[in-house]
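Working notes, beginning with the structure itself.
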Amino acid sequence: MAIFLTGSTGYIGAHVASILLERHNDRLNLLVRAKTDQEANERLWHALQLHLDFPRFRDALASRISVFRGDLTDPRFGLEAVDYTRLIGTTESVIHCAASLNRKSEKSCLNVNLRGTLEVAQLGRRAQDAHGLRRFSQVSTVAVAGHRSHEVVTEDLSIDWNRSDYDPYARTKKFCEHMVRELLPDVSRTVFRPSIVLGDSRRPETTQFDMVRAFVFLAGLPVLPFRPADRIDIVPVDYVAESIVALHQKSNPAHEIYHLSSGAQSETFRQLTRALAESAGKMEPLYWPGLEGNFSAVVNWLSNSRGPVGRSASLLKVFMPYLVWDTVFDNSRVVAEMGRAPEPFSKYCYPLLRFSREHHFSYPYEPWPGPAAVISEEAAPAAVGSARGAHP
């Protein structure tokens, strides 16, 4: 029997897969979109090499990983009947990490998040009916809380169907939670809601650069249009992935829903910019909240330009609502279960930003050894539902 993990070629999913491979004995059923077995293997190597060297990856691929070449949004993942039956028969539990984080595309969010989650939930339903499903774990987002301002939000009070959503991503993820709850009422479920996932507290290397680009853009400004005392809820990916694995594997988690966030320990803009300034030996920026409207207009204008500035501005435009809402998400549940809180962003932000700058916002991927084709950075995330980018 195995854990069916979606999104293993994405950022959070790859961290989850590596922890399961390194610290647990379960087999993994991984859904990967690819035309050939070799292409699927290369995509996995591309995603997991941040965590595993090639010999360990090759051994895991041979002994612990079953790759199912399919598409998250196709009926039964587009698998042949024999393969889909094998997937049902060997799936003991599900960790659904895959998602489209494209906040500007309602089409992408509808296809990957809603249709994809429906297919995963139906797989869970069939596994439960066939032999029983130990647990269905779903990676959602704190963004299901909708429009907020100056609040501390608890898990059970996050979703209010009368509250407006920030974007298609938040809206579809909120309905995904509802859909899984309705389709799997008799299955033990765990819902994980990460806040802004940014960097790894253990090391500066990263393969996820979208939100980092936005922070580098902000870090270079002498004046920031924010309130310096506003808090921003950032959590490292290692804490998120370790919590997902630990609670998924636990016999009886205390709760169904967990905020994977910094909670009451979320740092203010002033704390973060002070830490960056001290590490870089530079002056702290000035804060001028009254410029928020003008700043947003400039960001919107720059987002239409080409080059690095245009790309950074485009990303900042998407994430801007999450930077100014001064809302944090109570994490006392996960802290109690894990026995520790996540590392604050100020402790590891400078090495992360320095690595990103020095490597021009790309990870130095190693190709598959031998004559096999090299997977480019742009091609690798093509697997449907790869969980790229930052939450929420």
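The values are calculated or read from the model by the stated rules, or taken from the named source; none is laboratory data. These figures come from a predicted structure and were not determined experimentally. Don't worry about glycine lacking a Cβ; one is built from the backbone with ideal geometry, like all the others, and counts go over all protein chains shown. Heads up: the accessible areas ignore ligands, DNA and RNA and are worked out on the full protein's heavy atoms, side chains in. Shrake-Rupley method; radii C 1.70, N 1.55, O 1.52, S 1.80 Å.
Quick notes on this one:
- Summed over region 135-166, the residues that are surrounded by 18 or more Cβ atoms within 10 Å (Cβ to Cβ) and either more than 29 Å from Y322 (Cα to Cα) or among the aromatic types (F, W, Y) (or both) give a count of 3.
- Condition check for G263 on (1) open to solvent by less than 40 Å² (accessible area, probe 1.4 Å); (2) closer than 27 Å to F361 by Cα: one failure, at (2).
- Among residues of region 236-286, those that are closer than 30 Å to L28 by Cβ and free of Cβ contacts under 8 Å to residues at least 60 places away in the same chain, counted: 2
- Qualifying residues in region 350-365 (those that are touching a residue at least 60 places away in the same chain (Cβ under 8 Å) and part of a loop (DSSP other than H, G, I, E, B)) - the one farthest from E42 (Cα to Cα): F361
- Qualifying residue in region 182-195 (condition: closer than 20 Å to D156 by Cβ, open to solvent by 10 Å² or more (accessible area, probe 1.4 Å) and assigned to a helix (DSSP H, G or I)): yes
- When the criteria are applied in full, L133 fails the requirement of being of a type outside the set (D, E), without any contact (Cβ under 8 Å) to a residue 12 or more places away in the chain and within 17 Å of E256 (Cα to Cα).
- One residue stands out among those in region 293-347 that are under 21 Å from L224 (Cβ atoms) and among the aromatic types (F, W, Y): the one that is modelled with the lowest pLDDT, which is F319.
- In the set Q38, Q49, only one residue is more than 24 Å from the chain's Cα centre (by Cα) and in contact (Cβ under 8 Å) with a residue 60 or more places away in the chain; that residue is Q38.
- Number of positions in region 1-44 that are open to solvent by 20 Å² or more (accessible area, probe 1.4 Å), in a loop (DSSP other than H, G, I, E, B) and closer than 16 Å to I95 by Cβ: 5
- Restricting region 228-244 to residues that are surrounded by fewer than 22 Cβ atoms within 10 Å (Cβ to Cβ) and of a type in the set (D, E), the residue that is modelled with the lowest pLDDT: D230
- Assessment of region 307-323 against the conditions (open to solvent by 50 Å² or more (accessible area, probe 1.4 Å), among the small types (G, A, S), out of contact with any strand residue (DSSP E or B) (no Cβ under 8 Å at 6 or more places or on another chain) and touching a residue at least 24 places away in the same chain (Cβ under 8 Å)) yields no matching residue.
- Leading residue by the ranking (most open to solvent (accessible area, probe 1.4 Å)) among those in region 60-83 that are part of a helix (DSSP H, G or I) and free of Cβ contacts under 8 Å to residues at least 12 places away in the same chain: V82
- Subset of region 277-318 [among the acidic types (D, E) and within 28 Å of the chain's Cα centre (by Cα)]: E292
- Checking each residue in region 100-138 for being within 16 Å of T190 (Cβ to Cβ), among the aliphatic types (A, V, I, L, M) and part of a loop (DSSP other than H, G, I, E, B) picks out only L133.
- Residue pairs meeting the criteria (Cβ under 7 Å; at least 6 apart or on separate chains; first open to solvent by less than 40 Å² (accessible area, probe 1.4 Å), in region 198-227; second among the charged types (D, E, K, R) and part of a helix (DSSP H, G or I)): D200/D238; S201/D238; S201/K347; R213/R311; V216/R357; P225/E292
- Within region 103-121, restricting attention to residues that are touching a Lys or Arg at 6+ places or on another chain (Cβ under 9 Å) and open to solvent by 60 Å² or more (accessible area, probe 1.4 Å), the residue that is modelled with the lowest pLDDT is K104.
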